[in-house]
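Peer 1: Here it is: the structure, laid out below.
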Amino acid sequence: MSSDQRLPGHPHIARKNGTLHVEGASLAALAREHGTPLFVYSKQWMLDALGAYQRGFEGRDALVCYAIKANSSLGVLRVFAEAGCGFDIVSGGELARVLAAGADPAKVIFSGVGKTKSEMRQALAAGIGCFNVESEAEIDVLNAVALEEGRRASISVRINPNVDPKTHPYISTGLKGNKFGIAHDRAVAIYQHAASLQGLQVVGIDCHIGSQITDASPYLEALERVLDLVEAIEKTGIALHHLDFGGGLGIDYNGDTPPAADALWQQLLARLDARGFGRRRLIVEPGRSLVGNAGACVTEVLYTKPGAEKNFCIVDAAMNDLPRPAMYQAFHRIVPVAERQGEAVSYDVVGPVCESGDWIGRDRALTVEAGDLLAVLSAGAYSMAMASNYNTRGRAAEVLISGERATLIRRRESIEDQLRSERFDG
Ligand code: LLP
């Protein structure tokens with residue numbers, strides 16, 4: 001359509017005849033049908049994002065394991081399962097989700113610093129591909145659980161390469177002071193210990209340095225350190241079949257310019273080739289970069305409220321639906337679904353939750369009136385997956401768009417859903 005105006009950084013969101021569409025679906029029509037707040041995802045954006053990784057790995061032995069913590073809705077998992085992805089999980093609940101979505105258990109890896117024994121048993125019974133273990137204590141517990149179950153657990157040890165990913169402190173994970181992974185200088189001894197245990201089969205090494213990384217340099221730095229360790233570990237006679245470089249690649253929230261996945265991997269593969277590891281099996285665990293800009297959250301303006309120092313635009317989505325601004329001071333672009341004429345006013349866009357921290361965007365120039373719809377962009381990752389029932393607000397509905405087709409992949413949570421598991425005496 002010639003009247004399409006694509007939003008920068010959002011190739012599948014466009015204004016057509018004045019109103020926003022995700023692929024072929026009108027956000028205004030979806031909001032009328034399903035109510036607000038409403039998450040709307042472009043399937044094509046997800047497949048394109050995955051395609052960039054697949055192009056980057058062409059001709060290599062590589063597996064993309066989608067880190068489902070970014071968005072674990074079954075309808076989203078199904079898209080990646082059908083596209084042949086593996087999955088990176090961090091709990092027994094996430095394991096149940098990926099199996100329900102049709103994942104191949106052999107392509108599932110289990111990350112996280114605090115796996116319980118029952119989660120280990122559940123994952124062993126499912127036959128997952130690999131446990132990414134994060135401490136010496138976990139190695140011994142997993143060994144004991146595997147022996148009790150009469151199984152052998154395939155493991156990779158997560159290394160903390162002590163690299164600064166130059167991102168928000170809450171989402172940086174590869175520094176010495178973080179709780180994640182095993183210190184570089186302990187790695188060889190820990191691998192030797194793990195390799196001596198009957199319940200374990202050492203198969204790989206992994207690292208994950210942080211999230212929303214917008215520069216290739218921390219990856220390159222981590223890669224060199226991991227490869228130094230691989231050489232040191234293999235010198236002791238332990239073979240590492242795969243190298244897992246985690247996730248972390250950022251997206252464009254507000255003019256950010258992360259490298260494309262294929263461009264990043266071109267650089268990383270050049271280093272892997274140069275050091276003789278280019279034919280090793282490679283695993284990555286991307287989350288945000290596979291779903292982040294696929295999603296928008298449509299919300300209705302309830303009230304505009306002029307204030308002494310600030311004007312407030314009060315919308316029906318809140319920190320329970322979109323927790324990233326409150327938690328990380330994160331920026332999400334906010335655009336009107338239908339543009340209206342008139343002078344723009346600077347607003348803080350806030351939700352109905354009773355906390356001053358419940359804001360979605362600050363100092364945004366908007367021309368809005370009560371009843372208008374706004375789209376909060378880049379909401380595909382770490383929004384619905386982190387949503388809560390705070391203030392007894394039901395979680396939003398979600399719709400997956402493929403061309404003109406819209407599928408409701410999660411109905412709005414009702415008050416009955418929320419009260420179902422609770423009891424009181426008397
Ligand atoms: N692998 C491991 C071991 C991880 O801990 C994570 C994310 C990923 C992979 C996926 O990272 P991604 O590709 O999505 O950056 N809630 C925060 C992000 C927390 C990330 C936690 N770990 C946010 O909204 O920014």
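Peer 1: Scan the stretch 16-39 and report the pairs whose first residue is in contact (Cβ under 8 Å) with a residue 60 or more places away in the chain and assigned to a loop (DSSP other than H, G, I, E, B) and whose second residue is of a type in the set (Asp, Glu) and open to solvent by 10 Å² or more (accessible area, probe 1.4 Å), with Cβ atoms within less than 7 Å and a gap of 6+ or a chain change.
Peer 2: 18/339; 24/404; 36/300; 36/316; 37/316
Peer 1: Another question, then. Please state which one of 67, 14 is open to solvent by less than 10 Å² (accessible area, probe 1.4 Å), out of contact with any helix residue (DSSP H, G or I) (no Cβ under 7 Å at 6 or more places or on another chain) and over 30 Å from residue 280 (Cα atoms). Spell out how you get there, then give the answer.
Peer 2: Values: 67 fails: over 30 Å from residue 280 (Cα atoms).
Matching residue, one of 67, 14: 14.
Peer 1: Here's another thing I want to ask about it. Mind counting the residues in the stretch 82-117 that are open to solvent by 40 Å² or more (accessible area, probe 1.4 Å) and within 16 Å of the ligand (Cβ to nearest atom)?
Peer 2: Summing the residues that are open to solvent by 40 Å² or more (accessible area, probe 1.4 Å) and within 16 Å of the ligand (Cβ to nearest atom) in the stretch 82-117 gives 6.
Peer 1: OK, next. Give, as residue ranges, the strands (runs of 3 or more DSSP E) completely inside the stretch 338-403 that count at least 1 residues that are aromatic (Phe, Trp, Tyr), assigned by TED's automatic domain parsing to the domain that holds residue 305 and within 16 Å of the ligand (Cβ to nearest atom).
Peer 2: 359-366
Peer 1: Let me ask you something else. Considering the stretch 317-368 alone, what residues qualify as being of a type in the set (Asp, Glu) and open to solvent by 30 Å² or more (accessible area, probe 1.4 Å)?
Peer 2: Start the filter on the stretch 317-368 by keeping residues that are of a type in the set (Asp, Glu), which leaves 321, 339, 343, 348, 355, 358, 363.
Matches in the stretch 317-368: 339, 343, 355, 363.
Peer 1: Ok, one more. Based on what the data block shows, is residue 163 more than 14 Å from the ligand (Cβ to nearest atom), β-branched (Val, Ile, Thr) and in the same structural domain as residue 216 (by TED's automatic domain parsing)?
Peer 2: Taking the combined requirement at face value, the residue satisfies it.
Peer 1: Follow-up. Pick from the stretch 185-201 the residues that are surrounded by fewer than 18 Cβ atoms within 10 Å (Cβ to Cβ) and of a type in the set (A, V, I, L, M): which of them is nearest to residue 143 (Cα to Cα)?
Peer 2: Among them, the one singled out is 195.
Peer 1: Same structure, new question: For the stretch 85-134, name all the residues that are among the polar types (S, T, N, Q) and touching a residue at least 60 places away in the same chain (Cβ under 8 Å).
Peer 2: If the condition is that a residue be among the polar types (S, T, N, Q) and touching a residue at least 60 places away in the same chain (Cβ under 8 Å), then 111, 132 are the ones that fit.
Peer 1: Also, I was wondering about something else. Could you list all residues from the stretch 253-305 that are of a type in the set (D, E, K, R), within 12 Å of the ligand (Cβ to nearest atom) and within 22 Å of residue 331 (Cβ to Cβ)?
Peer 2: Filtering the stretch 253-305 for residues of a type in the set (D, E, K, R) gives 256, 262, 271, 273, 275, 279-281, 285, 288, 300, 305.
From the residues that got through so far, the ones that are within 12 Å of the ligand (Cβ to nearest atom) too are 285, 288.
Answer for the stretch 253-305, where residues must be of a type in the set (D, E, K, R), within 12 Å of the ligand (Cβ to nearest atom) and within 22 Å of residue 331 (Cβ to Cβ): just 288.
The values are calculated or read from the model by the stated rules, or taken from the named source; none is laboratory data. Keep in mind that what you see is a predicted model, and the values were worked out from it rather than measured. Glycine also receives a Cβ, built like all others from the backbone with ideal geometry; neighbour counts cover every protein chain displayed. Note: accessible area is taken over every heavy atom of the protein model, side chains too, but ligands, DNA and RNA are not part of it. Shrake-Rupley method; radii C 1.70, N 1.55, O 1.52, S 1.80 Å.
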